[in-house]
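*Asks:* Sharing a structure here in structure tokens format.
The values are calculated or read from the model by the stated rules, or taken from the named source; none is laboratory data. Remember, predicted model here, so these are calculated numbers, not experimental data. Don't worry about glycine lacking a Cβ; one is built from the backbone with ideal geometry, like all the others, and counts go over all protein chains shown.
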Amino acid sequence: MTRVLGFAGSLRKDSYNRALLRAARELAAADGIEVEIFEINGIPLYNQDDQGAMPAVVRDFNSRI
């Protein structure tokens, strides 16, 4: 099975991008493609100085990519 990780750049609950991801997940399932939607809530802005002490949500995101 092919797996795809998707995330919306907007944190808004009813964002159009999130709605498109949900639609893509439903349509892709018919072709044997799993679309996993990752919520980016809690991911801080990038700061290279903090790279050694990444928050758990960032480590989780990196492992899924």
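*Asks:* If I ask for residues that are modelled with pLDDT under 95 and of a type in the set (A, V, I, L, M), which ones from the stretch 31-46 would you list?
*Replies:* Correct list: 40, 43, 45.
*Asks:* Do you know which of the residues in the stretch 23-39 that are among the aliphatic types (A, V, I, L, M) and surrounded by 10 or more Cβ atoms within 10 Å (Cβ to Cβ) is nearest to residue 2 (Cα to Cα)?
*Replies:* By that ranking, first place goes to 33.
*Asks:* Going through the stretch 1-40 one residue at a time, which ones are in contact with a helix residue (DSSP H, G or I) (Cβ under 8 Å, 6 or more places away or on another chain), closer than 18 Å to residue 65 by Cβ and in a loop (DSSP other than H, G, I, E, B)? If you could, list the steps in order and put the result at the bottom.
*Replies:* Start the filter on the stretch 1-40 by keeping residues that are in contact with a helix residue (DSSP H, G or I) (Cβ under 8 Å, 6 or more places away or on another chain), which leaves 4-10, 12, 34-38, 40.
Among the residues that remain, those that are also closer than 18 Å to residue 65 by Cβ are: 4-9, 34-38, 40.
7, 8, 9, 38, 40, listed by residue number.
Residue by residue, here is whether (1) surrounded by 13 or more Cβ atoms within 10 Å (Cβ to Cβ); (2) β-branched (Val, Ile, Thr); (3) touching a Leu at 6+ places or on another chain (Cβ under 9 Å) holds:
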position	(1), (2), (3)
3	no, no, no
16	no, no, no
21	yes, no, no
41	no, no, yes
50	no, no, no
57	yes, yes, no
63	no, no, no
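*Asks:* Exactly one condition in (1) touching an Asp or Glu at 6+ places or on another chain (Cβ under 7 Å); (2) free of Cβ contacts under 8 Å to residues at least 12 places away in the same chain is false for residue 3; which is it?
*Replies:* Against the list (1) touching an Asp or Glu at 6+ places or on another chain (Cβ under 7 Å); (2) free of Cβ contacts under 8 Å to residues at least 12 places away in the same chain, residue 3 comes up short only on (2).
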